[in-house]
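Student: Sending over a structure as structure tokens; questions will come in a sec.
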Amino acid sequence: MDVSFRELESFLFGKLQELFAQTMQEVLEHLDAMLLVSQDQARYEVKEPRERTVDTLLGTVTLKHRYYWDREQGEHTALLDQQLGLEKAERVSPGLTVAAVM
């Protein structure tokens, strides 16, 4: 067998990134589903789901989440983004932002 520690480390880190992205996607989509059933139906009208991509500490995560029409504010919003404190056009996670600054 001809494998170096560096190759093994790189391979396992790649697998960890894949697992992280998949798990993060599943968790975020589950949170989005929970928000769907708990949101104020008089205030929010469910619109089409949209895809969102966020670069994180361990790689890129792409998910589908719901958009709503906010009848009080007169604008479209994503409740998941609000819950997580993500700006509409923000593509970099808060953790990755902090790491990049350091």
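The values are calculated or read from the model by the stated rules, or taken from the named source; none is laboratory data. The structure presented is a predicted model; accordingly, all values stated were derived computationally and were not measured. No Cβ is skipped: glycine too gets one built from the backbone with ideal geometry, and neighbour counts run over all protein chains shown. Just so you know, the surface numbers come from the protein's heavy atoms only, side chains and all, with ligands and any DNA or RNA stripped out. Shrake-Rupley method; radii C 1.70, N 1.55, O 1.52, S 1.80 Å.
Student: Among the aspartates and glutamates, which fall within straight-line cross-link reach of residue 15, defined as a Cα-Cα distance under 19 Å, with same-chain neighbours fewer than 8 residues apart omitted?
Tutor: 7, 26, 55
Student: In the chain, once you exclude exposed trypsin sites (Lys or Arg not before Pro) (DSSP loop, at most 12 other Cβ within 10 angstrom), what's the longest stretch remaining? Please list the in-between numbers first.
Tutor: Numbers: sites that count: 43, 71, 88, 91.
Between exposed loop sites, the widest span is 1-42.
Student: Whats the longest run of the chain with zero GluC sites (Glu not before Pro) that are DSSP loop and have at most 12 other Cβ atoms within 10 Å? Intermediate results must be reported in sequence, preceding the final value.
Tutor: Details: sites that count: 72, 87.
After excluding every exposed loop site, the longest remaining stretch is 1-71.
Student: With θ set to phi - 60° and the Karplus curve 6.51 cos²θ - 1.76 cosθ + 1.60, what are the ³J(HN,Hα) couplings of the range 24-40 in order, to the nearest whole Hz, using x for Gly and Pro?
Tutor: After applying 6.51 cos²θ - 1.76 cosθ + 1.60, I find 4, 4, 4, 5, 5, 5, 5, 4, 4, 5, 5, 5, 4, 7, 9, 6, 6 Hz.
Student: Now, a different point. For the range 29-102, what is the accessible area per residue in Å² when the probe is 1.4 Å? Can you show the working numbers first?
Tutor: Details: 4710 Å² over 74 residues.
Roughly 64 Å² per residue, with all protein chains present.
Student: Let me ask something additional. Could you tell me the relative contact order of the range 39-95? Use alpha-carbon pairs under 8 Å, at least six residues apart, and round to a whole percent.
Tutor: Values: 80 pairs, mean separation 18.5, N = 57.
Once divided by the residue count of the range 39-95, the mean separation gives 32 percent.
Student: From the mean inverse distance of alpha carbon pairs (Kirkwood) and the Cα radius of gyration, derive Rg over Rh for the chain.
Tutor: On the way: Rg = 17.5 Å, Rh = 15.5 Å.
Here the Rg-to-Rh quotient is 1.13.
Student: Full extension from residue 10 to residue 36: what is 0.36 nm times the residue separation minus their Cα-Cα distance, to one decimal in nm?
Tutor: Values: separation 26, 0.36 × 26 = 9.36 nm, distance 3.90 nm.
Stretched out fully, the residue 10 to residue 36 stretch lengthens by 5.5 nm.
Student: Could I ask something else about it? Explain nothing, just the number: dipole magnitude of the chain about its Cα centre with +1 on each Lys and Arg Cβ and -1 on each Asp and Glu Cβ, in debye rounded to the nearest 20.
Tutor: On the way: 11 positive and 18 negative charges, 20 e Å.
The calculation lands at about 100 debye.
Student: Using only alpha carbon pairs under 8 Å that are at least six residues apart, calculate the relative contact order of the range 1-98 and give it in whole percent. The partial results should precede the final answer.
Tutor: Working: 108 pairs, mean separation 24.0, N = 98.
It rounds to 25 percent for the range 1-98.
Student: A further question on this structure: Would you mind giving the average projected area, over all directions, of the Cα convex hull of the range 28-74 in nm² with one decimal?
Tutor: 3.8 nm²
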